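Structure record follows, encoded as structure tokens.
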Amino acid sequence: MFVRVAGEQDFYGFLGLAAQVECWFGPMGEDLGFHDAVRKHIRRSTAIIAASSGTDLLSGLLFAAKAPTYHVHWLVVSERSRGKGVGRALMAEAMRRFVSGPGAVEVVTFGADHPGASVSGARVFYERLGFAPAEAVDPGPEGGSRQVFRLAVP
């Protein structure tokens, strides 16, 4: 596995990852707003991917690198790669590349009562990285609860 900044050639890989999580986030593959967001992050070099020697992406991350509050806009690990350290590697690269303190990194993820919270492992993933649950936010596009997770950066 290798981790690198995404290029234009990775756009369709992001759509492939999005297709794997549409049950939780709605139809993103056809959403032009999502397409625009991916392209914007690629142009700004704030999209990071993990890949194997093949052409399929193992994971993708869209990151807002604006101090003092940084944002994980989107992080998806392919179903076959979950639990293997791929997401952790992407977050480590984003933190190394984009984050300097003092400040905070925030991500909006599933609320505790959302079915995707346990199936995806997202809440546990962020907690293991040192993020703490914070305030609730508006529901996701499918109507499920969402919550901010925050990591203080010294």
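The values are calculated or read from the model by the stated rules, or taken from the named source; none is laboratory data. Predicted model only: the values in this text are computed from it and were never measured. Heads up, the Cβs are rebuilt from the backbone with ideal geometry, glycines too, and the neighbour counts pull from every protein chain shown. Calculation scope for accessible area: heavy atoms of the full protein, side chains included, ligands and nucleic acids excluded. Shrake-Rupley method; radii C 1.70, N 1.55, O 1.52, S 1.80 Å.
Please report, in cubic angstrom per residue, the volume enclosed by the convex hull of the alpha-carbon atoms of the chain.
Spelled out: Cα convex hull of the chain, divided by residues, is 104 Å³.
So for each of 74-80, 99-105 I average, over its residues, the number of other beta carbons within 10 Å; can you give me the resulting order with the highest mean first?
74-80, 99-105
Provide the per-residue ³J(HN,Hα) series for region 20-27, in order, calculated from phi with Karplus coefficients 6.51, -1.76, 1.60 and θ = phi - 60°, each as a whole number of Hz, with x at glycine and proline positions.
6, 10, 5, 5, 9, 10, x, x
If contacts are Cα pairs under 8 angstrom and at least 6 residues apart, what is the relative contact order of region 40-154 in percent?
Result for region 40-154 is 21 percent.
Helix-only mean residue ellipticity at 222 nm, the chain, DSSP H runs n ≥ 4 weighted -39,500 (n - 2.57), per residue, nearest 500. What is it?
-9500 deg cm²/dmol
Run the accessible area of the chain with a 1.4 Å probe and give the carbon-and-sulfur part as a rounded percent.
The computed percentage sits at 54.
Between Y70, Y126, Y12, where does the largest GNM mean-square fluctuation fall for the chain, given springs only between Cα atoms within less than 10 Å?
Ranking Y70, Y126, Y12 by mean-square fluctuation puts Y12 first.
Sort out for me the Cα centre separation of region 79-110 from region 1-22, rounded to whole Å.
15
Can you find, among V72, V124, G83, the residue sitting farthest towards the positive end of the charge dipole of region 64-125, where Lys and Arg contribute +1 and Asp and Glu -1 at Cβ?
Result: G83, furthest along the dipole toward the positive end.
Under 5 Å between amide hydrogens, which residues at least 5 positions from L58 or on another chain qualify, with H placed 1.01 Å from N in the peptide plane?
Answer set, sorted by chain and number: A50, A51, S52.
Rolling a 1.4 Å sphere over the protein heavy atoms, what is the accessible area per residue of region 11-129, to the nearest Å²? Working shown, then result.
Working: 5840 Å² over 119 residues.
So region 11-129 comes to 49 Å² accessible per residue, rounded to a whole number.
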